[in-house]
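Structure record follows, encoded as C-alpha cells.
The values are calculated or read from the model by the stated rules, or taken from the named source; none is laboratory data. Please read these numbers as outputs of a predicted model, since none were measured by experiment. Counting neighbours? That spans all protein chains shown, and the Cβs are built from the backbone with ideal geometry, glycine included.
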Amino acid sequence: MRVTVDGAPVDVPEGATLLDAVRAAGAELPALCHDDRFDPAGSCRTCLVSAGGGTAAACVTPAAEGAEVTTDGEELRELRRDAVELIVSALPPRALDRPSELARVCAGLGIGPEAARGPGGRGGDDSHPYVHLDRDLCIACGRCVRMCSDVQGAFALTLTGRGADTTVAPGTGGPWLESDCVACGGCVDTCPTGAVSQPGPVPGLTSADPRAAGVRTTCGYCGVGCTLDLVVRDGRIAAALPARDGPVNRGHACAKGRFAHGFLTSPERLTRPLVRRDGRLEPADWDEALAAVADGLRRAVDAGGPDAVAAISSARATNEENYLLQKFMRTVIGTNNIDNCSRLCHAPSAAGLTASFGLPGGTDTLEGIEQADCLLVVGANPVEAHPVVGARLLQRALRGAGLVVADPRAVGLARHADVHLRPRPGTNVALFHGIAHVLLAEGMTDEEFLRERAAGLDELRETLAAYPPERAAALTGVPAPHITAAARLYGRAERPAVVYGLGVTEHLHGTDGVRTLANLAILRGAVGTGRGFGINPLRGQNNVQGASDMGALPETLPGYGKVTDPGARSRAEAVWGTPVPGRPGLRIPQMFAAARAGELRALWVVGEDVTATDPDAGRVARALETCPFTVCSELFLSGTARRADVVLPAASWPEKDGTFTNFDRRVQRVRPALAPPGGARTDFWIVHAVAAALGADLGCPTPAAALEECGRVTGLFAGITHARLDEEGAVPWPCPDPRRPGRARLYTRRFATPDGRAHLSAAPYLPPGEQADDDYPLIMVTGRRLDHYNSGSMTRRGGNLLLAPADLLDLHPDDAARHGLRDGQPVLVESRHGRARLTARISDDVSPGQVFCAFHFPGSGVNRLTSGHTDTATSCPEYKVTAVRVDAHRTRSGR
C-alpha cells in the first residue's frame, strides 16, 4: 500500500504500522518502548505523529492506503520532547553519561543531562555473569519483559513496583542468577537505557547502537546458524551481537553464541605445536611439527599402504577446511579413510532421508516450519540444544499451532504440548508405526500423493497391520489413546511439519527410525506439495551438515557422489587431476577397531575430543594409545591431544574465513574478527602445510577458491561462491546455477530418488541393543544441557561454568527413593562398559526407570558408560539406550 510521509510517497506491505512507513521514508522517530522483534505496545508516547486529523503513536497505528503522515512540526516535536523529558526526569544524572538509545534520543531532541533529576539509590543485581541490572536506569518500558516472553519464551522477567518505582526484576523474586533466565541476551540487546547490560568494555551496547559495527560472521556453536556481529576492542570480543537482519536468527541468539567466547583468551589455548619427545609432549616450532607429521604419515603408508592412514575431520571446521582435508586424504594419501562426527549423530539422517527422498538434508526451511499448523517434535529438545529454533517453535505453539512432542523426558516444549508421548528409549519405530496405522485406518492420508508420487504403500500397509495403537502401546509404553490423539492432531492438520533430533538417530536402528518417521510426512503428502512442511533434522554442531556435504565421509565424495560410482569419481578426478580410490574407507568406529588391531598406523583427529565424545570411551583411549602415530589439531590440550604424538594449535571459529552450512541447508559466511593467538593457525592453513611437507600442492590457495573448486566437483554447490554470499547473506543448496536462487524447499516437482518417488519404509520394530536387568536396572539417555556445548571445551572456559558447574544425573523421585539417593548427592554410575561419577538431581522430567545426563565435563567419564552398539546401517552409536546402575555408598567409601 502507498502512504505519504512528510509529503513523500512510500510503499509499505499490508500489516505495516505508521512507524514502519516513517522509517521506510528515511525519517527518524524515537520509540523507547518499541522493538521490531516483538509486537508494539505504544506505552511511551515518544513516537507521536500527525495522521488522519489527529495525533497518534506511530508504533501501534496501522498504516492505511492513502494515509498522510506528518512527523515534522514544532507542536509534534514539543510533544515528543515532553514525553521523553518526563521519562528522563525520574532517572539520576548518570543515566545520560553513557551511550544508549535514550541518550541518543535526548541528544536529538536537545535534552541535556540537567533533565535527569531522579534520586537513584534503587540498587542493582550483579549476580549473573552475563546480565547485570541497574535499577536506577530502568524506565519500565517493558521491552526486556516482552523480549523474554514474546521472542525467547522464557517468561523469566516481570515489572515490579508501582508508579515511579516500577522496575524490571526476575519473576522468581530472587537474584538474577537463580531465576529462570536462559541468558539469551535478548533483554540486554533491547534495553534502551543500559539498565540491563552486559558487563564489559562497551557498556550499554546493543545491536541498534552505532558503536555495534563489527565483523559479521556465523555462530560456531550449534547447527542453527545464527548471524552475529562480533565487536572487537583491544584484541578481544567485546560483544557478539545478534544481527537483526540475520536470515535465520532475526536478531536473536542464545547464551553460547551471545556470551560464551571467553575460551578465545583462555590461558589454556594452544599457541605452539607440541611434539612428543621421550614420551612427553614438548613445544616445537611449525617446521619441526610439520616434519614430524609428514614423517609419521610416510612411515604409516610404507608399513601398511594408504589405507593404514585415517583422518577424522571436524564439524566445527569450515566447509572449505573439510573439503581440503578430504581432498588431501584422497589425493595425497590415497585413501577414503575420512569421516566426521556426523557419524556420531546424524549419519542416520543422511542415510534415511536419502533413502526416503533422495537427498541427505531436511526438506524445508525454518520459515516454512513456522507456518505449520501442527508441529510434531520428536527426540529433540530445541529449547536447550537449539534455543533460537526452540523459542520460535514455542511461539508458534503459543499462537495456536498444534504441538505433539515425542520424547522420553519432559523437555522444554513438552510442557506446552497438546500431546506428550513418552516412549521407552529405543522404541521409536514401533511408535511411528502406531501413528501411521491410525493415519491409514482413519483415512488421514493423501491418496492422490501416494498414488502419483510415492512407492511402497502396499508393503507398509502390510507391516502396519501388526501395529495397532494397542500393540504399539505395549511396545513403547505410550498409552494407546495418546498415540491415537497424536495421529489425529498431525493427520488432520492442513500444514503439518516434523522436526526431530538425536533422539531419533542415536539408536541401534536409527536409520529405520528416520525412515519410519519420514513415512508420516509421506502418508500426509506433506513433502514438496504446499500441504505441509516435511521432515527436518536439527543439526547438533555448527557445521555437521557442511562437513558431510563437502565429502568428509568414507563412502561419498563432495555432493554425496558414491566413491564406488565411476561417474562420481571421474568428475572429481577431472578437477583434482589424480585418481580417486574406489573402495569405501573406514568409518570412525572402524578406525578405532583397526587401530586396536594394529591395522591402522596413523590417525589425524581434527577438532574433536574423541576420548570424551565417542562411545565406550575406554576402548577409544586404547585405540589412540595403540595406534603408532596420532596427530591432533585442537584449541586446548584435550584428552585426545594428550595421547597424540603431534598436537597442532588450531584457530577457532571467530578467527576463520570460510562458510558453514546450517540445519536447513543454508550456506553462510564465516569471517575472521580476530587473529589466532601466537602460533595457532587455521585448519585450512594446516592442511595445506602438511600437504606441502609431503611434497604435494592441493591448489585452491584460499577458502573462496576451495568452495569454487567444490562447485566444479558437484553441481549441488556450483552456484554458491563467497562473492555471492557476501552480497546475499545466505544461499541454500542445491544451487547449481549462480544466476538462480538455491532450492530452499525441496521436491516440489519430483523426488531425487532414481524413480522420482518418495519411498515408504516397511522396516519392522526391532529392540535396542541393551535392556535393563536386575544388575543394571536403569536405562540411561544422554544429551545436551542449555548452558554447555558438546565436550564443553569452549563453554567450560568462561561464565557458563557459573551457570552449570558440573554434570548432573537426573533421576525420577521413585528411583531416587528406591536407591536411597538425595538431591545433590555424589553418585557412582556403572554400566556393562565402565563407570562415571556424577551428581544426582531428582526430577520428574525423567520417567521412572530412566536417567538422563549430559557429557559436557570429560572428567565425569559419561562416555565410558555408553556401549559399542551402533546403528546397523550407518554405525552411529546408540547413545540413547545404556543400561546402568547407580550407587552412592561406594562413592562415600572411596571405592
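Every residue in region 794-846 that is of a type in the set (S, T, N, Q) and in contact with a strand residue (DSSP E or B) (Cβ under 9 Å, 6 or more places away or on another chain), please. Matches in region 794-846: Gln825, Ser831, Thr839, Ser843. Scanning region 848-864 turns up no residue that is under 26 Å from the mean Cα position of the chain (by Cα), in a loop (DSSP other than H, G, I, E, B) and free of Cβ contacts under 8 Å to residues at least 40 places away in the same chain.
Of all residues in region 402-420, those satisfying the criterion of being part of a loop (DSSP other than H, G, I, E, B) and within 25 Å of Asn800 (Cα to Cα) are Arg409, Ala410, Val411.
Within region 337-352, can one find any residue that is surrounded by fewer than 24 Cβ atoms within 10 Å (Cβ to Cβ), modelled with pLDDT of 95 or more and part of a helix (DSSP H, G or I)?
The first filter runs over region 337-352 and keeps only residues surrounded by fewer than 24 Cβ atoms within 10 Å (Cβ to Cβ), leaving 351.
From what is left, the residues that are modelled with pLDDT of 95 or more are 351.
In the following step, the residues that additionally are part of a helix (DSSP H, G or I) were identified as 351.
Yes, region 337-352 has at least one match.
Is it true that Ala704 is of a type in the set (Gly, Ala, Ser), in contact (Cβ under 8 Å) with a residue 12 or more places away in the chain, surrounded by fewer than 15 Cβ atoms within 10 Å (Cβ to Cβ) and outside the structural domain of Leu431 (by TED's automatic domain parsing)? In short, no.
Could you look through region 7-26, keep only residues that are in contact with a helix residue (DSSP H, G or I) (Cβ under 9 Å, 6 or more places away or on another chain), part of a loop (DSSP other than H, G, I, E, B) and not β-branched (Val, Ile, Thr), and pick out the one that is surrounded by the fewest Cβ atoms within 10 Å (Cβ to Cβ)? So the residue we want is Pro13. The residue list Ala486, Ala493, Ala521 contains one member that is crowded, with 24+ Cβ neighbours inside 10 Å and farther than 14 Å from Ser761 by Cβ, which is Ala486.
Scanning region 787-805 for residues that are surrounded by fewer than 21 Cβ atoms within 10 Å (Cβ to Cβ) and touching a Leu at 6+ places or on another chain (Cβ under 8 Å) returns Leu802, Ala804. Per the conditions (1) over 30 Å from Leu637 (Cα atoms); (2) charged (D, E, K, R); (3) within 28 Å of the chain's Cα centre (by Cα); (4) in a loop (DSSP other than H, G, I, E, B), the sole criterion not satisfied by Asp726 is (4).
Assessment of region 829-844 against the conditions (β-branched (Val, Ile, Thr), over 25 Å from Val405 (Cβ atoms), buried (at least 24 other Cβ atoms within 10 Å of the Cβ) and not assigned by TED's automatic domain parsing to the domain that holds Thr427) yields at least one matching residue.
Within region 143-169, the set of residues being touching a helix residue (DSSP H, G or I) at 6+ places or on another chain (Cβ under 8 Å) and part of a loop (DSSP other than H, G, I, E, B) comprises Gly153, Ala154, Phe155, Ala156. Residue count for region 452-483 satisfying the condition of being over 22 Å from Val527 (Cα atoms) and either in a helix (DSSP H, G or I) or among the hydroxyl-bearing types (Ser, Thr, Tyr) (or both): 15. Of the candidates Arg669, Arg622, Arg643, the single residue that is under 19 Å from Asn322 (Cα atoms), in the same structural domain as Ala311 (by TED's automatic domain parsing) and charged (D, E, K, R) is Arg669.
Within region 557-567, is even one residue surrounded by fewer than 19 Cβ atoms within 10 Å (Cβ to Cβ), under 13 Å from Pro360 (Cβ atoms) and either among the basic types (Lys, Arg) or touching an Asp or Glu at 6+ places or on another chain (Cβ under 7 Å) (or both)? Write out each step before concluding.
Residues of region 557-567 that are surrounded by fewer than 19 Cβ atoms within 10 Å (Cβ to Cβ), as a first pass: 562, 564-567.
Then drop every residue that is not under 13 Å from Pro360 (Cβ atoms), which leaves 562.
From the residues that got through so far, the ones that are either among the basic types (Lys, Arg) or touching an Asp or Glu at 6+ places or on another chain (Cβ under 7 Å) (or both) too are 562.
Yes, region 557-567 contains a residue that is surrounded by fewer than 19 Cβ atoms within 10 Å (Cβ to Cβ), under 13 Å from Pro360 (Cβ atoms) and either among the basic types (Lys, Arg) or touching an Asp or Glu at 6+ places or on another chain (Cβ under 7 Å) (or both).
Scoring Gly214 on the criteria (1) at pLDDT below 95; (2) crowded, with 24+ Cβ neighbours inside 10 Å leaves a single failure, condition (2). Here the condition is being farther than 22 Å from Leu133 by Cβ and either surrounded by fewer than 20 Cβ atoms within 10 Å (Cβ to Cβ) or in contact with a strand residue (DSSP E or B) (Cβ under 9 Å, 6 or more places away or on another chain) (or both); of Asp97, Asp36, it holds for Asp36 alone. Against the condition outside the structural domain of Gly503 (by TED's automatic domain parsing), part of a loop (DSSP other than H, G, I, E, B), in contact with a strand residue (DSSP E or B) (Cβ under 7 Å, 6 or more places away or on another chain) and among the basic types (Lys, Arg), how does Arg785 come out, does it pass? Against the criterion (outside the structural domain of Gly503 (by TED's automatic domain parsing), part of a loop (DSSP other than H, G, I, E, B), in contact with a strand residue (DSSP E or B) (Cβ under 7 Å, 6 or more places away or on another chain) and among the basic types (Lys, Arg)), Arg785 qualifies. Scanning region 667-679 for residues that are surrounded by fewer than 24 Cβ atoms within 10 Å (Cβ to Cβ) and in contact with a strand residue (DSSP E or B) (Cβ under 9 Å, 6 or more places away or on another chain) returns Arg669, Arg671, Pro672, Ala673, Leu674, Pro676, Pro677, Gly678, Gly679.
Run down Gly503, Gly412 and say which single residue is among the small types (Gly, Ala, Ser), in contact (Cβ under 8 Å) with a residue 40 or more places away in the chain and either surrounded by 23 or more Cβ atoms within 10 Å (Cβ to Cβ) or closer than 28 Å to Tyr747 by Cβ (or both). Every option except Gly503 fails the conditions. With respect to Pro615, is the statement that it is modelled with pLDDT under 95, in contact with a Ser or Thr (Cβ under 9 Å, 6 or more places away or on another chain) and either farther than 20 Å from Thr335 by Cα or assigned to a loop (DSSP other than H, G, I, E, B) (or both) true? When the stated conditions are applied, Pro615 passes them. When Pro858, Pro848, Pro877 are checked against the criterion of being surrounded by 20 or more Cβ atoms within 10 Å (Cβ to Cβ) and over 19 Å from Pro589 (Cα atoms), a single residue qualifies: Pro858. For region 39-62, the candidate set comprises residues that are free of Cβ contacts under 8 Å to residues at least 60 places away in the same chain and out of contact with any Leu (no Cβ under 9 Å at 6 or more places or on another chain); within that set, the residue that is surrounded by the most Cβ atoms within 10 Å (Cβ to Cβ) is Gly42. Scanning region 632-661 for residues that are crowded, with 24+ Cβ neighbours inside 10 Å, farther than 20 Å from Thr265 by Cα and touching a helix residue (DSSP H, G or I) at 6+ places or on another chain (Cβ under 7 Å) yields Cys632, Thr640, Val646, Gly658, Thr659, Phe660, Thr661. Return the residues of region 114-128 that are under 30 Å from Glu74 (Cβ atoms) and surrounded by fewer than 16 Cβ atoms within 10 Å (Cβ to Cβ); say none if nothing qualifies. Residues satisfying the conditions are Glu114, Arg117.
Kindly indicate whether any position in region 849-860 is under 28 Å from Thr511 (Cβ atoms) and of a type in the set (S, T, N, Q).
Of all residues in region 849-860, those under 28 Å from Thr511 (Cβ atoms) come to 849-856.
Those still in the list that are of a type in the set (S, T, N, Q) too: 850.
Yes, there is a match, as at least one residue in region 849-860 is under 28 Å from Thr511 (Cβ atoms) and of a type in the set (S, T, N, Q).
Here's the yes/no breakdown for (1) in the same structural domain as Asp446 (by TED's automatic domain parsing); (2) closer than 26 Å to Leu716 by Cα; (3) in a loop (DSSP other than H, G, I, E, B):
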{"residue": "Gly503", "(1), (2), (3)": "yes, no, no"}
{"residue": "Leu508", "(1), (2), (3)": "yes, no, yes"}
{"residue": "Gly513", "(1), (2), (3)": "yes, no, no"}
{"residue": "Leu517", "(1), (2), (3)": "yes, yes, no"}
{"residue": "Leu520", "(1), (2), (3)": "yes, no, no"}
{"residue": "Val527", "(1), (2), (3)": "yes, yes, yes"}
{"residue": "Gly530", "(1), (2), (3)": "yes, yes, yes"}
{"residue": "Ser548", "(1), (2), (3)": "no, yes, no"}
